[in-house]
Each structure stands twice: as C-alpha cells, then as structure tokens.
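Notes follow the structure.
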Amino acid sequence: MRRLLVALPFLTALCLATPSVQAAEPTLRSLWSVQMLRQPALDRQIAGARDLGLRHVRIAVRWNEVEKSMGRYDWGVTDQRLRPIIAAGLSPLLTLIGPNDNYDAPNGGNAVAAASKDSVAGFARFAAAVVQRYNGPEFRYEIWNEPNLRTFWKPNPDGKLYAMLAASSCQAMRAVKPDAKIYVLGMNGTPIDKDVLGHYGTWSKAALQPDMISCASGFSLHPYGRRLPESYLSDLNRIDDMLDAGGQKKDVIISEWGTPVAKKWNLTADDQINHDTRILLTGAMAGEYTNLFTMMAPGANNDDSEQTFGLLDFNGNPKPSYAIVKNLLNRVGDLPFKSICSPCEGSVYGLRFEGPKREASYVLWTNDGTGSIPRPSDLGSKAQIVDLVTGRSQALPQGPLAASVRPVLVVGGPS
C-alpha cells in the first residue's frame, strides 16, 4: 500500500510541533522535472530550466537517429542535444525509443515496433550503448514512450512483446551499469484506467512479466485524462496493487504529465496555469519524481491543442505557470516537506515545509472552488502570503487560511 508523505493527522499537525525532518526527505527540487523537446530552440529550453532552478529534465534518445546504418552508431545529433543539458548541470531522464527502419521495415514500409528477434536484440544493444555513453549519479533511463498506444507502437500495442524488449534491454543496460535507474512501462494513463481498446489494464497485465519486473528499478506512468490532477492521489493504492507483481515493491515515477489549452476538453489558459502547477504538487504529495510536459510549447498554432503545452510559449515567453514554479522553487524548493492533508475538509490540499530554524511554510490549494483551513499555530505573527505569479508578499491576515484552485504560498516568520 502506498503511503503519502503525511506527517500527522491534519488537526494535530496544526496544533503540535512537527518533529525535525531528516535531510534525506524529498524536496520539490529533488522531485520536479520538465520535458525537453527537439524543437523548438533547445538552448531556450535549457536556459528556462536553469532559470527555474530545476535539477532534472526528460528528453528522448531515438534509436533511428543513432543507428542510421545497421551496426554503426552515429552520436552526432544526440550529442548536440545532450551535451549542453549535462553541461548546464541538469540530470536527464533519457527515454529510449524506436523503431528503426534497418530492423523493422526491411521491405521499405512503415517501421513497426519489435517486429523480430533481431529488432529486440538490436534495441537492447542500442540501450546498452546509451548507458555507456551517457551516465551520471542522477541519470534515469526509460524504455520506450507510451508503448500501449498505436501512436508509438505500430501496428498494434502488444504488452508481452514490449515486456520481452524491455527485459532484454534492461539486462543489457545493467551489464554496463549495474546500478542504473531503469524504468519500464512508460505508459499513457495508468494500469487502472478505463480499458479502452485493451490499451490500459489488459495491456498492463500482459506487460508485467517477471523478467522485466525483476530487472527494472521501477515503473513510469503518464496519468493523462483526469479532470482534476488530485484524482491521481486517490488511485495510488489501486495502482500499487496492480504493479505489485510477485510482491516486488518498485519505485513509481510520473515521467510525463501536462495540460493543454483545449476547447474540446473545456480547458482554458487559466486551467492550464492551475493544473500544471497542481500536477507538480500532486506528484510531490505522492512522493514521486514528476516530469511536466513541456518546458516550451511545441508550436505556435493555438488551435491545435498539442501545440499549447508548456511553461513557455513557442516564442520563449514565460506563461504565468512558469513564474509560479520559479517562485515555489526559490522560496521552498530545498526544504523538506510533508502533506498536511490530501485532502482536508472542503477539498483543500496542503504541503507543510520546514526551514532550517524550524520555521513553517505552507502551500495550499483546492481541486474545485474555494476552501480554508484553520490558521496553523506554527506560522508566527509575522507570516506572509506570497502571490506566486508576481512573487510579491504581504502580511497574512488573521483568521483561517484561504485556498483556491490556484496554489498559494504562506511563509511563516518568528512569533
């Protein structure tokens, strides 16, 4: 059963001093990541990640860009992308993805995934070569992207075939670096989502094969399709039960999740601001590495929802969510935290951060409408409320702490 990062029952947490927190406990900076795309300008994406104060990013390494002719690796394109990221002090989650025409489209047709034993063996060699070339203390590796969808696994998703490829690749990677952090599944949605076309529960059951599970460090998920990000928290135990194959407890990470602006889903620009921020906070509340899609919008056509993701627009201009993430990381990004409620009464969610002198700060939000919690006794008389978009602070009014769908930061001070 999953345990959220909860310090104490909510009312008790407000009234009693919280025990000092060990340094090993998670921080927002240790958990948060952002997606890098090949296009638009990668240098602007890297500059944005550094300006935010992030430590982690995710980027794809494509088999067909490296092994352009069978058995010969050309790292030129991949080096051009990864060297600046690593030089900037960012630790990547490298998503290894195929297919490769040399193996999977021998007759000149459209490449399909893992079409033969030669293809599986070729991808495993490629995966091992990636680990050999790109590695570091906080590097992570993910085997494929959303193999449960036809978009990324043609002609039809096949859980058992994916498991064979993932197990072979993971074993080859471990032969190079035994302690590598290797994640499998990389699936769109979660194993307990509505089983549309068999792409979720059915695919997951087929994919969860012992050889793959025993080799992997953990599982990666893309929990899209939720009206409210916080619904992920209520699914954690069911997800764990599904992934707890053979009693082998494994790490779970959110390797991709973001919010577009989309009329067809009634998602506005304000929804994107609020949801993207709450996706990161929800992942933190679950204690999971969480990668936000994306750093920068993939395109400039705002009528295409796929081009509206991002903390930066296509021209590199920050959206309000960029400022919120930056202010949270600047203010409390390195402080250990615990959940105070998930949710509290009235659908209020909250994280409590503890500073070096045990001063408390709180991030609060709701998943719908407005709410409030009693004023915590550990805030002190000089507490301030921070506008996370502008970064400006003002004295915190007396009385309950108000929360809304846009997260708010309350910074404690001396009594």
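The values are calculated or read from the model by the stated rules, or taken from the named source; none is laboratory data. Nothing here was measured: the structure is a model prediction, and the numbers come from that model. Virtual Cβ from ideal backbone geometry, glycine too; neighbours counted across all protein chains shown.
A few remarks follow.
- Some residue of the range 131-139 being of a type in the set (Ser, Thr, Tyr), assigned to a loop (DSSP other than H, G, I, E, B) and without any contact (Cβ under 8 Å) to a residue 24 or more places away in the chain: no
- Residue count, the range 363-376 (criterion: out of contact with any Gly (no Cβ under 6 Å at 6 or more places or on another chain), of a type outside the set (D, E, K, R) and either assigned to a loop (DSSP other than H, G, I, E, B) or without any contact (Cβ under 8 Å) to a residue 60 or more places away in the chain (or both)): 7
- Residue check for Ala17: modelled with pLDDT under 95, over 20 Å from Thr95 (Cα atoms) and surrounded by fewer than 21 Cβ atoms within 10 Å (Cβ to Cβ): yes
- Leading residue by the ranking (nearest to Asn291 (Cα to Cα)) among those in the range 61-74 that are at pLDDT 95 or above and out of contact with any Asp or Glu (no Cβ under 9 Å at 6 or more places or on another chain): Val61
- Restricting attention to the range 147-201, the residues being on the phi > 0 side of the Ramachandran plot and crowded, with 22+ Cβ neighbours inside 10 Å number 3.
- Tabulated pairs, the range 66-88, first in contact (Cβ under 8 Å) with a residue 60 or more places away in the chain, second aliphatic (A, V, I, L, M), C-beta under 9 angstrom, 6+ apart or interchain: Val66/Val77; Val66/Ala129; Val66/Val130
- Residues in the range 78-98 that are closer than 20 Å to Leu292 by Cβ and either assigned to a strand (DSSP E or B) or of a type in the set (Gly, Ala, Ser) (or both): Ala88, Gly89, Ser91, Pro92, Leu93, Leu94, Thr95, Ile97.
- Pick from the range 377-399, criterion part of a loop (DSSP other than H, G, I, E, B) and among the polar types (S, T, N, Q), ranking: surrounded by the most Cβ atoms within 10 Å (Cβ to Cβ): Ser377
- Residues in the range 400-415 that are over 12 Å from Tyr349 (Cα atoms) and either part of a loop (DSSP other than H, G, I, E, B) or of a type in the set (S, T, N, Q) (or both): Pro400, Gly412, Gly413, Pro414, Ser415.
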